[in-house]
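Data first, discussion second: the structure below is written as structure tokens.
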Amino acid sequence: MEVKLGGLGKKERFQLGQLIKAHLPIITPKNAAVVLKITQKKAAWLLSHWAHKGWLSRVKRGVYIPIPLQTENPNVMVDEPWVIAKSLFSPCYVGGWSAAEHWDFTEQIFNSVMVLTTKRNNNLEMNLKGVTFKLKVIKPERLFGIKSIWIEHHKVEVSDPTKTIIDSFNDPATVGGIRIAIDILDRYMTSEHKNIKLLYDYGIRMKNTAIFKRIGFIFEKKYPKEVDWIEKFHSKIKTGYSQVDPSVPGDALITSWGLWVPLKWKKGGLCD
């Protein structure tokens, strides 16, 4: 249902102006109460009132964003989804395919924002004002390898180039599957961001031997000249078997890496 902009009295215009000047990434009764020096109950009523009049847009219950003054349609989409992600899911960072796009590691087009968060959520996918957020809950100790960037007045976190690679081999689903993870690795290996030592160090910090199985196998196939690093990767694997991509179980075992892969990969047709 279309919401029409309604008039505001002098006091309401002043209060709304104070909120806008505060450059809040999202507006809630709690932070509005602080800015306006009123109770949360009063703030909650005002926010609902302003949303009804078309001056704020409701993202979800108790969460609002300001509507740009130049807009003709109050039913706007979220302008800066990364800022919204930080506000709603912190501690978190933007990672996976969203980070790969940011670092120019992929030409794939994704219609959602991948967020890795330590905050437990009942829903791992949600649509807010036309933007889809995909969430992956991670352990607090994996909250590293992050770069801060500024989006207008707000600082947000994104996985750095190397952590983006490590995350994709820890869980290929964060980039849309192992084949895309390999493509992303290819771009990384020919970019200014290439840092195999850091890749190795990050892999150790993740404490998931499957990362070294996957990366080691791919290096052996695609970057055979990196003999020393392939040996280092191999030294970190443990007994037991892992899937190269848990979402697509493999049907051929690479015993040297303890890795299940598609049969054609074992025969040499990597990524065919």
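Data table
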item	result
Sequence-distant residues sharing a close amide H with S112 (under 5 Å, placed H)	none
Cα Rg, Dmax (largest Cα-Cα span) when computed across segment 77-119, Å	10.6, 30
Segment 167-262: GluC sites (Glu not before Pro) falling in loop per DSSP and having at most 13 other Cβ within 10 Å	E192
Helix 40-53 vs. the chain, principal-axis angle (Cα, 0 to 90°, nearest 10)	90 degrees
Low-density loop cleavage sites - trypsin sites (Lys or Arg not before Pro) in segment 209-272, where at most 11 other Cβ are within 10 Å (DSSP)	K225, K238, K267
For L259, distant residues with modelled amide H under 5 Å away	S242, I254
Length added when fully stretched, T118-W150, from 0.36 nm per residue minus Cα-Cα	9.4 nm
Nearest-20 debye value, segment 78-174 charge dipole, Cβ charges on Lys, Arg, Asp, Glu	460 debye
H23, H154, H52 arranged by Cβ crowding within 10 Å, fewest neighbours leading	H23, H52, H154
Listed residues H52, T118, T190: farthest to the positive end of the dipole of the chain (Cβ charges)	H52
Gaussian network model of the chain, Cα within-10 Å springs - most flexible of I149, I165, I67	I149
Pair-distance profile P(r), taking every C-alpha pair of segment 10-66, with 10 angstrom steps and integer %	26, 67, 7
Base-10 log of normalised Debye intensity for the chain (one unit scatterer per alpha-carbon) at q = 0.07, 0.10, 0.16 Å⁻¹	-0.34, -0.61, -1.13
For V131, distant residues with modelled amide H under 5 Å away	V78
Debye log10 I(q)/I(0) at q = 0.15, 0.17, 0.21 Å⁻¹ for segment 78-174, Cα point scatterers	-0.52, -0.68, -1.09
Cα-centred dipole magnitude for the chain, charges only on beta-carbon of K, R (+1) and D, E (-1), debye, nearest 20	1260 debye
Cβ crowding within 10 Å averaged over residues, with 27-33, 97-103 ranked highest first	97-103, 27-33
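Bear in mind that the values in this text are calculations on the coordinates, not laboratory data. Note that this is a predicted model, so its numbers are computed, not measured. No Cβ is skipped: glycine too gets one built from the backbone with ideal geometry, and neighbour counts run over all protein chains shown.
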